[in-house]
Amino acid sequence: MEKTDLRSMTPEELTAFLATLGQPAYRAKQIFSWVHQKHASDFSEMTDLPASLREILAEKCTVELPKILHLAASKQDETVKFLFELSDGNRIESVRMHYHYGDTLCISTQVGCNMGCAFCATGLSGKIRDLTAAEMLGQIEKAEEALSCHISHVVLMGMGEPLDNFGQVVRFLDLVSHPMGRNLTARHITLSTCGIVPKILALAEQKRQITLAVSLHAADNLRRSSLMPVNRRWELSELIPACKTYFEKTGRRVTFEYALIAGENDSSDEADRLIGLLKDFPCHVNLIPINPVEETGKKPPSKGVVKAFAARLEKGGISVTSRRTLGADIDAACGQLRRRKEQTDFV
Ligand code: SAH
Ligand code: SF4
């Protein structure tokens with residue numbers, strides 16, 4: 001029998017569940033606090049619960065965390081990549097980045113990804129399954145424990161497409177920012193999507209204060225569709241208005257990720273098209289030279305080309321930054337996370 005996952009439950013759901021075991025509501029509060037504030041991963045740690053209840057819970061339920069199989073620390077910066085094993089043996093990766101304003105964890109939301117972007121290592125083997133909210137929270141718990149650090153910012157930019165796992169991702173957002181739990185401020189959370197329009201609109205309706213990052217990578221449909229199959233389903237004429245709706249509903253400026261690929265989307269014409277696409281829209285563009293993934297054959301442009309592209313956007317009135325690539329020496333940079341079968345794959 002599959003055990004009930006208590007880490008994925010809201011306090012209200014926990015209360016209802018414990019009522020089925022004849023337990024009063026305050027037990028739910030205690031368990032929620034053990035799991036989300038006191039880092040418990042086993043019922044035996046919950047010393048203020050009666051032993052008999054701990055026994056029943058251990059039999060029927062789980063609060064376990066993913067296992068760290070391996071971690072790799074960058075020699076160039078303070079980036080650390082984690083390889084986790086989930087309870088069913090599947091493996092995922094997360095990345096801790098150290099910034100002047102605090103520690104950020106880039107978490108995975110799925111095992112693999114079905115979106116098939118032409119430049120990304122995660123998509124190469126398709127999606128195996130969605131992660132649960134507990135498995136997303138568990139990446140934070142374990143990273144903090146392993147590095148004795150405090151994760152102050154979370155980006156949903158690891159393996160997987162968060163909006164293709166909408167229910168569990170929203171549950172994760174609720175739990176991670178719950179005042180009785182980790183209480184992470186929504187403004188310290190960024191969700192990155194390849195552009196699943198109906199889900200962007202659904203998220204906008206929730207009016208959360210999280211940052212929405214949209215992976216754009218091209219300003220015309222032909223090129224975007226060749227790089228990102230999702231564009232064949234929802235073209236730019238639908239995607240950009242959905243981003244505008246997100247801004248209108250939440251008041252949060254949308255970030256557009258633009259990975260520059262040598263000879264493909266890095267010309268001054270492409271920069272001009274991007275200016276045309278985003279003009280009159282309070283947003284931000286994050287440029288990033290593509291990170292090499294052997295199987296894709298795509299290469300980053302020279303520093304000069306990146307600079308010129310950024311300068312052209314700026315001149316066109318677009319707010320733009322060029323993102324530093326962190327953890328490149330441990331293949332921890334954007335798009336380099338992949339599903340690993342063997343620990344020996346992990347260098
Ligand atoms: N699925 C979501 C989030 C995970 S990917 C999304 O696509 O937005 C996180 C970011 O890495 C996205 O902006 C994605 O386009 C980018 N990315 C993927 N492969 C990359 C690569 N090889 N180099 C640079 N960025 C890449
Ligand atoms: Fe999936 Fe994002 Fe990679 Fe595209 S870039 S395949 S959406 S993880």
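Here, each number is a calculation from the coordinates, and none is a lab measurement. Please read all numbers here as calculations on a predicted model, not as lab measurements. For neighbour counting, all protein chains shown are included, and Cβ atoms are generated from backbone atoms with ideal geometry for every residue, glycine included.
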* To do: Return the Cα extents of the chain along principal axes one, two and three, sorted largest first, each rounded to a whole Å.
  => 70, 45, 37
* Would you mind getting me the FRET efficiency between ALA262 and GLN209? Use the beta-carbon distance for r and R0 = 30 Å, nearest 0.05. => 0.25
* Could you give me the ³J(HN,Hα) list for the stretch 147-152, computed from phi with Karplus coefficients 6.51, -1.76, 1.60 and θ = phi - 60°, whole Hz, x at Gly and Pro? -> 9, 6, 10, 10, 7, 9
* List, in order, the whole-Hz ³J(HN,Hα) value for each residue of the stretch 225-240 obtained from phi through the Karplus relation with A = 6.51, B = -1.76, C = 1.60 and θ = phi - 60°; use x for Gly and Pro. => 5, 6, 8, 9, x, 4, 5, 6, 8, 10, 6, 4, 5, 9, 5, 5
* Likely footprinting exposure, ILE288, ILE200, fewest C-beta neighbours within 10 Å first -> ILE288, ILE200
* Give, rounded to the nearest 20 debye, the magnitude of the charge dipole that the chain has about its Cα centre when Lys and Arg contribute +1 at Cβ and Asp and Glu contribute -1 at Cβ. => 740
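What's the FRET efficiency of LEU201 with GLU13 using the Cβ-Cβ distance as r and R₀ = 22 Å, to the nearest 0.05?
It comes to 0.25.
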* Structure fact -> Relative contact order as a percentage, the stretch 211-347, C-alpha pairs under 8 Å and 6+ apart, gives 23
* At what distance in angstrom do the alpha carbon centres of the stretch 217-253 and the stretch 282-331 lie from each other? -> 19
* Using a 4.7 Å Cβ cut-off, which Cys residues in the chain lack a partner cysteine? -> CYS61, CYS106, CYS113, CYS149, CYS194, CYS243, CYS283, CYS334
* Structure fact -> Residue separation between ILE68 and ASP174 times 0.36 nm, minus their alpha-carbon distance, gives in nm 35.7 nm
* **Table column - 3J(HN,Hα) (Hz), the stretch 65-74, Karplus curve with 6.51, -1.76, 1.60, x for Gly and Pro** => 10, x, 8, 7, 7, 6, 9, 10, 9, 5
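Assign one of three labels to the stretch 208-347, namely rounded, prolate or oblate, based on the Cα gyration tensor with a ≥ b ≥ c the square roots of its eigenvalues; rounded applies when a/c is under 1.5, prolate when it is not and a/b is larger than b/c, and oblate otherwise.
Since a/c reaches 1.5 and a/b is larger than b/c, the shape of the stretch 208-347 is classed as prolate.
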* Asked: Between SER87 and TRP234, 0.36 nm times their residue separation minus their Cα-Cα distance comes to what?
  -> 49.4 nm
* Run down the lysines and flag those whose C-alpha is under 22 Å from the C-alpha of LYS299, throwing out any fewer than 8 positions away in its chain. => LYS307
* **Three-way shape label, the stretch 1-58, alpha-carbon gyration tensor, a/c 1.5** => rounded
* Highest-first arrangement of 238-248, 18-28, where packing means the average Cβ count within 10 Å -> 238-248, 18-28
* With each pseudo-label sitting 7 Å past Cα toward Cβ, what's the LEU124-GLU145 distance in nm, one decimal? -> 3.1
